[in-house]
1. Along the principal axes of its C-alpha atoms, what lengths does the range 35-174 span, in descending order and rounded to whole Å?
2. Restricting things to alpha carbons, tell me how big the range 104-160 is in terms of Rg and Dmax, in Å.
3. Give, in nm to one decimal, the length gained when the segment between Ala183 and Asp102 is fully stretched (0.36 nm per residue of separation minus the Cα-Cα distance).
4. Between Gln86 and Thr210, what is the label-to-label distance in nm when each label sits 7 Å out along the Cα-to-Cβ direction?
5. Provide the FRET efficiency to the nearest 0.05 for the Asn45-Val236 pair, computing r from the beta carbons and using R0 = 35 Å.
6. Return the inverse of the average 1/r over all pairs of distinct C-alpha atoms in the range 18-90, which is the Kirkwood hydrodynamic radius, in Å to one decimal.
7. Evaluate E = 1/(1 + (r/R0)^6) for Asn95 and Asp200, where r is the Cβ-Cβ distance and R0 equals 35 Å; express this FRET efficiency to the nearest 0.05.
8. Antiparallel versus total DSSP beta bridges in the range 1-136: what percent is that, nearest 5?
Amino acid sequence: MTSEQLLPPAEMIDYVGSGSNLETFQNIGAHFLEQFTTLGGLKPNHRVLDVGCGIGRMAIPLTSFLSKAGSYDGFDIVPKGIEWCQQNITPRHPNFRFQLADIWNDFYNPTGKYRARAYRFPFPSRTFDFAYLTSVFTHMLPRDLECYLSEVSRVLKPGGRCLITFFLHSPEVAANIRSGTCAFKLPYRVGKPHQPIGSDPEYGDCSTETETELERVVAYDERWVYDQFAVRGLSVDKPPTYGLWSGRVGPSFQDILVATKTGVPSLGQRMNGLLRLTPLREIAWRSLRKPTMAPHAG
């Protein structure tokens, strides 16, 4: 069975944003394989990590690209996607492995044990040559993003690369919002009162499209994102490949950043979790959630 024939049923791909359009599902996978190789330098013999692998949209085209010397590991929080990949991809491609991450999400995994901000990727340090996150940080709040980015740095080999998509906010994007050429208005700032639509971001801002479902669309101040990479020993090698969402011309909808692991996280970053007492916070969080774990009536 070729990668073109290895497709999930149409009714299962709704949650990755393609609806029932299998052609779109295939086209997006093929498009990103091209980005992985041309922008990210992906090679057939690389060990690859897919964070938020969904139902194999990126994994399927990789089955025809990675050699037997290469390997693929993906994880996601939605059981049905992982189960389909384990049952349909791994038997035909044993170097492709998928596992469920029991991370809480109000919509996809409401009984999840861990929060993203406290999750440790289930892989040893310095394991992967290439890691990617497509449409993951566009749905994550700051502390969750910081944890995941730290984990990406940890599991990459020295010299390994990562490709990550974002909605990068900047004064230029703010101008496009004001002119009506941006796909989103981003009128809300997490932790701050309502801001005028199209106002210039302040350092570290996380801007959202809605006031209640914050993770539906999340955009980050571009300067802050660069600094988050730097303190984790990740060097952004070239300017972002900006996406169509921002009103610019680009090959993809979201912005793409590629970085190389050139160092180790700063001492301040390594101490960050301890200073925040993260383990104690997560124990308290899980304890408080226990009464809500039972199924809803009705």
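Each value in this text was obtained by applying a stated rule to the coordinates, not by laboratory testing. These numbers come from a predicted model, not from an experiment. Quick reminder, even Gly has a Cβ in these numbers, built from the backbone with ideal geometry, and neighbours come from all protein chains shown.
1. Largest to smallest, the principal-axis extents are 43, 37, 27 Å.
2. Using the Cα atoms of the range 104-160, the pair Rg, Dmax is 12.2, 37 Å.
3. Gain on extension, Ala183 to Asp102, equals 26.0 nm.
4. For Gln86 paired with Thr210, the spin-label model returns 3.1 nm.
5. So the FRET efficiency works out to roughly 0.90.
6. 12.7
7. On the way: r = 47 Å, r/R0 = 1.34.
With a Förster radius of 35 Å, E is 0.15.
8. Numbers: 1 of 15 bridges.
In the range 1-136, approximately 5 percent of DSSP beta bridges are antiparallel ones.
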